[in-house]
Amino acid sequence: MIVSLIVIGLISILGQVVLLRELNVAFYGVELIYLIALGIWLFWTAVGALILRRTYFPTHNMMALLFFAFGIFLPLDVAFIRASRLLFGGVPGAYLPFLHQFMVTVVALLPAGILSGLLFQCAAKLYVAKGRTLAVAYGIESAGGVAGGLFATLFIVWGVQNFAIAFACGLAAVITPVFLERDGLSLLHRASMVFAGLFVLLLFSTPFIDRLMTAWNHPNLAETKDSPYGRITVTSLKGQVSVFENDALAFETEGTEAEYFCHLAALQHPNPARVLILGGGIEGIAREMLKHAPERIDYVEINPVMMDMVMGYLPDNIQKSIREPKVHLTFADPRQFLKRSGSYDLILVGMPEPASGQSNRFYTREFFEQCAAGLNPGGILGFRLRSAENLWTPPLTRRTASIYRALESVFPEVLFLPGATNIVTASREPLPGKPEILSERLHNRKIATRHISSDYIRYLFTNDRFAEIKNVLKSHPAAPNTDVRPVCYQYTFMIWLSKFFPRASLIDFSSLTDKRETGPLLPLLLWLSLPVIFFMSRFRPAFRRVLLVAVAGFIGMVLETVFILHYQVKHGVLYQDIGILLMSFMAGLAAGSITVNKVINRLIDRPGRIRWYGIGLISGFCLLCVVTATKTTMSTFTGLAQTAGFLASAGFLVAGVFAYASLHEIHDQKEVISPLYAADIFGGCLGSLAASLFLIPVLGLDVATRGMLLLAVFSFFLV
């Protein structure tokens, strides 16, 4: 059963990565789908752990069939997700209706989620039937999860495509029954070998099948490839090349977005000699900037895979602009590059809008401070924010005001040119407030444009929206967007949700933290009710045990989200690094369950001392929360190794509590497998959703961690 438990952990994590990436692409790169999908995955896993919980002695035949089903369903789930827009009559480039999106997510994750929960339940029961413990089974499965995270990382580094990873994961599942004990399994063994051979053959056909399925949504497909930052797809039709990132249009070669952004920002500087471009060069920003005759352009691109893949499809003038001697291309994270860069007259931020944790980090006060440190006297920072031209919804207003607050806290001068795409510039010196200055520079520099003209510049400065938007931004009460409190994340969620439910645009979760709106009564009642519930659970040992595991899973998942998001903010999104961090948490789970199992087994005849180990684990949670809150507030996390260590510590405590609950005062291990494993998964599910959609966006990383400290203190009632 050890091999089975390892494989269960491996295929669960690897299959989860495959399906989450596919769903992200299917819904146009909206990162929030990860949060919803992860919660649904954990829910179905918990359901699988509860199904057949009264069947105390599953057979090896059942295990073989479950592995077999998992291997077959995973590639089919990928095909279903990619075909979902066609199946539900979706309009190209538009979202499916919300209920359809939700149904696609639920249906796609149901087979693999339930099967992974069932697989662990059955394997754990067979394992403990031989006199072993649930804690060790949990640790072995977690060790398999470490292997799954490692392979997910290596496959990305090796350039293996997501659909091929799905087949590799399915192959691992269908071949596992060969290693199970034989109890009349000869037919299933032979079937396993046949399907394993079929999967190996199909692996060689995955490039063709992958391209065929991608063409369902991109009829004019030229090339597609998975990168560490998303799926890049290139289409070509009658000379017009369009580039999609996670199926959302990144740019197309016939547009004027680069011209609009570059010139409206560059014309505000009298002589932009040294220029830094952070992203967006392949859409033509470097080409347009060369028209201003700068001495040097440093162009920083975050995704080398996209550059290598798209370069051959770009128009000749864009290709030549990137190869110009004045243009110095660097592949790096923009925030890391700013730490060691020189000084510039103009910094143009061509990164995507702040719709995710990955992109929000380029619109925070800390990022603006980095940019300010890299500007010469009189230097200008420019970026763009896409919005509605005439009517801003409340979430859009709050998000824009939040970024504006962060910007004006660093730069005393801010100029906002409203439109369908807002051009925002900032400087420590006065910016030109009259259109004549920009028009004169446009004429003197003899810049040929398709969109920008003297008349259009005059229109931008003199239309009603120019003064109106300025007043809205200055008067709107919004907290500044910071690394520690990424409020843009919350507003992006509400903007996305309001596309399907317009009334959602009227909701402002940030008011829940405003004492004028809620008063102290609501949070007081919430925090007073928890210790009462925890204390009353002491009279129901079974419920108390389940609640303890669920709370540990909840706290662990919130802390995991805090660690990863803080690392993301400070060091960028390198998928291989994120994989290492997830592996660190899984390694902590494996170590915690096995270590606590050994310790408690030595004290099996001294239950009084065992309780002190439970108290020690909860105390560990309290200490970890205190250290995390302090380091987050002071922004003193140093890097990958330290963050990985904190994640391993959190995993150790979560698994330690699980092991403690499964061993202390338990006479039959089989009776607690389903309820405790389901409680652990449900707690993690709620923690993931709460942290990502409410606690961190509304309260911030620091306050969310302090909340977990209070919850850990209340958990002493459960020990």
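For helix 162-175, report the angle its Cα long axis makes with the longest principal axis of the Cα atoms of the chain; keep it between 0 and 90° and round to the nearest 10°.
In the chain, helix 162-175 runs at an angle near 10 degrees to the longest axis.
List the residues whose amide H sits under 5 Å from the amide H of residue 329, counting only those 5 or more places along or on another chain, with H placed 1.01 Å from N in the peptide plane.
Amide H neighbours of residue 329: 299.
Could you please state, rounded to a whole Å, how far the C-alpha centre of region 268-343 is from the C-alpha centre of region 134-170?
The two parts, judged by their Cα centres, are 37 Å apart.
List the trypsin sites (Lys or Arg not before Pro) in region 176-256 that DSSP assigns to loop (not H, G, I, E or B) and whose Cβ has at most 12 other Cβ atoms within 10 Å. Which are they?
Of the trypsin sites (Lys or Arg not before Pro), the ones in loops of region 176-256 whose Cβ has at most 12 other Cβ atoms within 10 Å are 182, 238.
Specify the angular offset, from 0 to 90 degrees and rounded to the nearest 10, of the alpha carbon long axis of helix 32-50 from the longest principal axis of the alpha carbons in the chain.
10 degrees
Determine the gain in length on full extension of the stretch residue 215-residue 595; use 0.36 nm per residue of separation and subtract their C-alpha separation, reporting nm with one decimal.
Taking residue 215 through residue 595 to full extension adds about 131.8 nm, to one decimal.
Select from 284, 364, 309 the residue farthest towards the positive end of the dipole of region 273-388; place +1 on Cβ of Lys and Arg, -1 on Cβ of Asp and Glu, and compute about the Cα centre.
364
If you place +1 on the Cβ of every Lys and Arg and -1 on the Cβ of every Asp and Glu, how big does the dipole about the Cα centre of the chain come out, in debye to the nearest 20?
Taking the Cα centre of the chain as origin, the dipole is about 1400 debye.
Which length gain, in nm to one decimal place, applies between residue 462 and residue 434 when the Cα-Cα distance is subtracted from 0.36 nm times their residue separation?
Length gained between residue 462 and residue 434: 9.2 nm.
Roughly what % of DSSP beta bridges within the chain run antiparallel, to the nearest 5?
60 percent
Once label points are set 7 Å from the Cα along Cα→Cβ at both residue 634 and residue 107, what is their separation, rounded to one decimal in nm?
Placing both labels 7 Å along Cα→Cβ, they lie 5.3 nm apart.
Charges on Cβ only, +1 for Lys and Arg, -1 for Asp and Glu, centred on the Cα centroid of the chain; of 250, 232, 488, which one is farthest towards the dipole's positive end?
488
Can you tell me which of 551-557, 280-286, 595-601, 196-202 comes out highest on packing, and rank the rest after it, using the mean Cβ neighbours within 10 Å?
The peptides rank, most packed first, as 551-557, 280-286, 595-601, 196-202.
Can you find, among 218, 149, 175, the residue sitting farthest towards the positive end of the charge dipole of region 122-226, where Lys and Arg contribute +1 and Asp and Glu -1 at Cβ?
Most positive-ward Cα: 175.
Near the amide H of residue 376, under 5 Å away, which other amide H atoms are found, from residues 5 or more places off or on another chain, if H is placed in the peptide plane?
344, 345
Packing-wise, with mean Cβ within 10 Å as the measure, how do 166-177, 85-96, 648-659, 491-502 rank, highest first?
Descending packing order for the listed peptides: 648-659, 166-177, 491-502, 85-96.
Hey, can you rank 672-681, 451-460 by average C-beta count inside 10 Å, highest first?
Top to bottom by mean Cβ count within 10 Å: 672-681, 451-460.
For the chain, take the longest principal axis of its alpha carbons; what is the angle in degrees between that and the long axis of helix 607-634, to the nearest 10 within 0 to 90?
0 degrees
In square nanometres, what is the average projected area of the Cα convex hull of the chain?
Result: 31.5 nm².
Mean residue ellipticity at 222 nm from the helices of the chain, using -39,500 (n - 2.57) per DSSP H segment of n ≥ 4 over the full residue count, to the nearest 500 deg cm²/dmol?
Computed ellipticity for the chain at 222 nm equals -20000 deg cm²/dmol.
Let's see if you can work this out: charge +1 on each Lys and Arg Cβ, -1 on each Asp and Glu Cβ, no other charges. What is the dipole magnitude of region 1-104 about its Cα centre, in debye to the nearest 20?
Dipole of region 1-104, to the nearest 20 debye: 180 debye.
Can you give the Rg/Rh ratio of region 218-262, where Rg is from the C-alpha atoms and Rh is the Kirkwood radius?
1.01
Would you grab the residues whose amide H sits under 5 Å from the one on residue 231? Only those 5+ places off in sequence or on another chain, please, with H modelled 1.01 Å from N.
Amide H to amide H, under 5 Å and 5 or more residues apart or across chains, residue 231 pairs with 246.
Can you work out the FRET efficiency for the pair residue 336 and residue 295, with r the C-beta to C-beta distance and R0 = 35 Å, to the nearest 0.05?
So the FRET efficiency works out to roughly 0.90.
Return the distance in nm (one decimal) between the two label points of a simple spin-label model at residue 448 and residue 76, each offset 7 Å from Cα along Cα→Cβ.
The two pseudo-label positions are separated by 5.9 nm.
Under the Karplus relation 6.51 cos²θ - 1.76 cosθ + 1.60, θ = phi - 60°, what is the ordered set of whole-Hz ³J(HN,Hα) values for region 588-599, x standing for Gly and Pro?
Result, ordered by residue: x, 4, 4, 5, x, 5, 5, 5, 5, 4, 5, 5 Hz.
Mind checking which lysines have their C-alpha under 22 Å from residue 670, skipping anything on the same chain fewer than 8 residues away?
Candidates past the 8-residue exclusion: 125, 130, 598.
Karplus couplings for region 147-155 from phi (6.51 cos²θ - 1.76 cosθ + 1.60, θ = phi - 60°), rounded to Hz, Gly and Pro as x?
Whole-Hz 3J(HN,Hα) from phi for region 147-155: 5, x, x, 5, 5, 4, 6, 5, 4.
How big is region 40-178 in terms of Cα radius of gyration and Dmax, in angstroms?
17.1, 57
If the reach is capped at under 24 angstrom between alpha carbons, list the lysines near residue 339, excluding any in the same chain fewer than eight residues apart.
Excluding near neighbours in sequence, the set is 326, 570, 631.
With θ taken as phi - 60° and the coefficients 6.51, -1.76 and 1.60, list the Karplus ³J(HN,Hα) couplings across region 308-315 in order, rounded to whole Hz; mark glycine and proline as x.
Going residue by residue, I get 4, 6, 8, 3, x, 9, 6, x Hz, with x marking Gly and Pro.
If you stretched the chain out fully between residue 455 and residue 223, how much longer would it get, using 0.36 nm times the residue separation minus the C-alpha to C-alpha distance?
The span from residue 455 to residue 223 would gain 79.5 nm if fully extended.
In whole angstrom, and with the biggest value first, how far do the Cα coordinates of region 374-489 range along each principal axis?
44, 35, 22
In nm, give the distance between the simple-model label positions of residue 179 and residue 328, each being 7 Å from the Cα along the Cα-to-Cβ direction.
5.2 nm
Roughly how big is region 248-370's charge dipole about its Cα centre, with Cβ charges of +1 (Lys, Arg) and -1 (Asp, Glu), in debye to the nearest 20?
460 debye
Region 32-53 to region 683-719: how many Å between their Cα centroids?
Cα centroid of region 32-53 versus Cα centroid of region 683-719: 20 Å apart.
Straight distance only, please: which lysines reach the Cα of residue 474 with their own Cα at less than 28 Å, same-chain residues fewer than 8 apart left out?
Cα-Cα hits under 28 Å: 434, 499, 515.
Here, each number is a calculation from the coordinates, and none is a lab measurement. Quick caveat, the model's predicted, so the values are computed rather than measured. Neighbour counts run over all protein chains shown; Cβ positions are idealised from the backbone, glycine included.
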